[in-house]
Amino acid sequence: MLIQTISDFRRAMRYGPYAWPGGYPVFFIMEDGEAMSFSAARDNLRSIIDSIANRRGDGWRVIGLEINWEDASLTCCHTGELIPSAYGDDDNA
C-alpha cells in the first residue's frame, strides 16, 4: 500500500498489524527504504504524521505498508526488534 498522505497513514494504522484476509504480518517502509514495525509506528505517530504532512526527509516519513512474507531476519529500524514473517521463520531442521 502506497502512503502519500496523512489519511493514507491513518487508514493503514486502522488496518492493524496484520493484513486481512490472511493475517499476514505487515510493516511500514520508510522514505530511506528501512523497515519499521507496526508497534514502533504506533509509538511514534506524531513524528510520522509531521514528516508526512511536511514531506520531511528526517527519517520519520512513511511511504508504504507491506507484508513481510519470508524475511525472518527483518528488523525494525527504530527498535531493532524482529518483524514477524508470514513464512520465513518456519523451522525446517
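The values are calculated or read from the model by the stated rules, or taken from the named source; none is laboratory data. Being a predicted model, the structure only gives us computed values, none of them experimental. A quick note on method: Cβ atoms are made from the backbone with ideal geometry, for glycine too, and the neighbour counts reach across all protein chains shown.
Modelled with pLDDT of 95 or more, touching an Asp or Glu at 6+ places or on another chain (Cβ under 8 Å), closer than 15 Å to Met13 by Cβ and not aliphatic (A, V, I, L, M): does that describe Phe27? Yes: the conditions hold for Phe27.
Residues that are polar (S, T, N, Q) and closer than 19 Å to Leu2 by Cβ within region 38-90 comprise Ser51, Asn54, Asn68, listed in sequence order. Given the structure, is Gly57 on the phi > 0 side of the Ramachandran plot and either of a type in the set (S, T, N, Q) or surrounded by fewer than 15 Cβ atoms within 10 Å (Cβ to Cβ) (or both)? For Gly57, the condition - on the phi > 0 side of the Ramachandran plot and either of a type in the set (S, T, N, Q) or surrounded by fewer than 15 Cβ atoms within 10 Å (Cβ to Cβ) (or both) - is not met. Within region 53-68, being in a loop (DSSP other than H, G, I, E, B) and of a type outside the set (Lys, Arg) holds for Gly57, Asp58, Gly59, Trp60, Asn68. Please find, among Asp50, Asp71, the residue that is assigned to a loop (DSSP other than H, G, I, E, B) and either among the charged types (D, E, K, R) or in contact (Cβ under 8 Å) with a residue 12 or more places away in the chain (or both). Selected residue: Asp71, the only one of Asp50, Asp71 that is assigned to a loop (DSSP other than H, G, I, E, B) and either among the charged types (D, E, K, R) or in contact (Cβ under 8 Å) with a residue 12 or more places away in the chain (or both).
For region 82-93, taking the residues that are touching a residue at least 12 places away in the same chain (Cβ under 8 Å) and out of contact with any strand residue (DSSP E or B) (no Cβ under 6 Å at 6 or more places or on another chain), the one that is surrounded by the fewest Cβ atoms within 10 Å (Cβ to Cβ) is identified as Tyr87. Looking for whichever is over 15 Å from the mean Cα position of the chain (by Cα) and surrounded by fewer than 17 Cβ atoms within 10 Å (Cβ to Cβ) here; the options are Asp43, Asp50. Which one fits? Of the residues listed, the single one that is over 15 Å from the mean Cα position of the chain (by Cα) and surrounded by fewer than 17 Cβ atoms within 10 Å (Cβ to Cβ) is Asp50.
A count restricted to region 61-93 and to residues that are touching an Asp or Glu at 6+ places or on another chain (Cβ under 7 Å) and of a type outside the set (A, V, I, L, M) stands at 6. Condition (residue is outside any helix (DSSP H, G or I) and either touching a Ser or Thr at 6+ places or on another chain (Cβ under 9 Å) or of a type in the set (D, E, K, R) (or both)) applied to region 39-46: is it met by at least one residue? Scanning region 39-46, I find no residue that is outside any helix (DSSP H, G or I) and either touching a Ser or Thr at 6+ places or on another chain (Cβ under 9 Å) or of a type in the set (D, E, K, R) (or both), so the answer is no.
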